[in-house]
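S.K.: One structure is given below, represented as structure tokens, and several questions about it will come after.
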Amino acid sequence: KISLRESYTGIHKRLRIKRNIVCKTCSGYGTNNKRPSDCGMCQFGTKREIRRVGPMIVQDITVICKICKGTGLNVDPMNKCTGCNSSGVVADHHILEVDIPKGVLDNTSMVFKGAADSRRGYESGDVYINIRVSNTTTDESYHRKGDTLYHPIKISLFEALTGFTRSICHLDNRVLLV
């Protein structure tokens, strides 16, 4: 979430995200010798299961194997990796450098390719940043409707009839003479 002023001038943000990365100790295999065997109870981490839904109605679904937890591999308990507790991934904190351009609109999405979770044998996922822009400034002197920026000012009747000159401070701290 950014302010209207930050949207007008552009801003650089650093976001800290939590993600899973491949364990460096076991290279994502979950075992110290990097030779896990196949699970034997499933096919590549999933298996078909028939469930009874109602009288004379059954459902054939694919579920994640409870024995290997979807990995499709069986790890010998004596050879489990201590770095990842045999899961093949460890939690990591990553800093994303986000350059938000000038004039960004509300609900704009930015994509960071390959910055999400990773796992051995799979491509890393993408991180989507959804930018929310406030339509008013903190002092409520400026507000935005679509692409138009408004700055209402109060003037007296005398100023309206005879004219006036006033200086206002813009969102980028420029002083404009009106």
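S.K.: Do me a favour and compute the ellipsoid semi-axes for region 1-40 from its Cα gyration tensor, root of five times each eigenvalue, largest one first, whole Å.
M.R.: 46, 10, 6
S.K.: Keeping all protein chains in the complex and leaving out DNA, RNA and ligands, what accessible area do you get for GLU159 with a 1.4 Å probe, in Å² to the nearest 10?
M.R.: For GLU159, the solvent-accessible surface is approximately 50 Å².
S.K.: Keeping all protein chains in place and using 1.4 angstrom, which order do MET41, MET56, MET110 fall into by accessible surface area, from largest down?
M.R.: Ranking MET41, MET56, MET110 by accessible area, largest first, yields MET56, MET41, MET110.
S.K.: On to the next question. Count of lysine pairs in region 1-112 with Cα atoms under 15 Å apart, counting only pairs 8 or more residues apart in sequence or on different chains?
M.R.: For region 1-112, the number of qualifying lysine pairs is 9.
S.K.: Sticking with this one: Tell me the label only: which of [x] 1.81; [y] 2.08; [z] 1.11 is Cα Rg over 2.2 N^0.38 Å as calculated from this structure?
M.R.: From the options [x] 1.81; [y] 2.08; [z] 1.11, the structure gives [x].
S.K.: Same structure, new question: Considering the convex hull of the alpha carbon atoms of region 88-178, report its projected area averaged over all viewing directions, in nm², one decimal.
M.R.: For region 88-178, the mean projected area of the Cα convex hull comes to 8.8 nm².
S.K.: Projected onto the charge dipole of the chain (+1 at Lys/Arg Cβ, -1 at Asp/Glu Cβ, origin at the Cα centre), which of SER156, LEU177, ILE67 gives the Cα projection farthest towards the positive end?
M.R.: Towards the positive end, the residue furthest out is ILE67.
S.K.: So if each residue of separation counts as 0.36 nm, and I subtract the Cα-Cα distance between ILE17 and GLU97, what length gain in nm does that give? Each step should come with its number before you reach the end.
M.R.: Working: separation 80, 0.36 × 80 = 28.80 nm, distance 1.09 nm.
Additional length available on full extension: 27.7 nm.
S.K.: Which value at 222 nm does the chain reach when only helices count, each DSSP H run of 4 or more adding -39,500 (n - 2.57), with the total divided by all residues and rounded to the nearest 500 deg cm²/dmol?
M.R.: Result for the chain: -1500 deg cm²/dmol, rounded to the nearest 500.
S.K.: Over region 82-178, what percent of the accessible surface lies on carbon and sulfur atoms, probe 1.4 Å? Could the numbers behind the result be given before it?
M.R.: Details: 3550 of 6790 Å².
Answer for region 82-178: carbon and sulfur cover 52 percent of the accessible area.
S.K.: Mind checking region 1-61 for chymotrypsin sites (Phe, Trp or Tyr not before Pro) that DSSP puts in a loop (not H, G, I, E or B) and that have at most 15 other Cβ atoms within 10 Å?
M.R.: PHE44
S.K.: Express the accessible area of region 3-128 per residue in Å², computed with a 1.4 Å probe while the remaining protein chains stay in the model.
M.R.: That works out to 71 Å² per residue.
The values are calculated or read from the model by the stated rules, or taken from the named source; none is laboratory data. Treat the numbers as computed from the prediction; the structure is a model and nothing was measured. Here the Cβ is made from the backbone with ideal geometry for all residues, glycine too, and neighbour counts use every protein chain on show. Accessible surface is based on the protein model in full, side chains and every heavy atom, while ligands, DNA and RNA are left aside. Shrake-Rupley method; radii C 1.70, N 1.55, O 1.52, S 1.80 Å.
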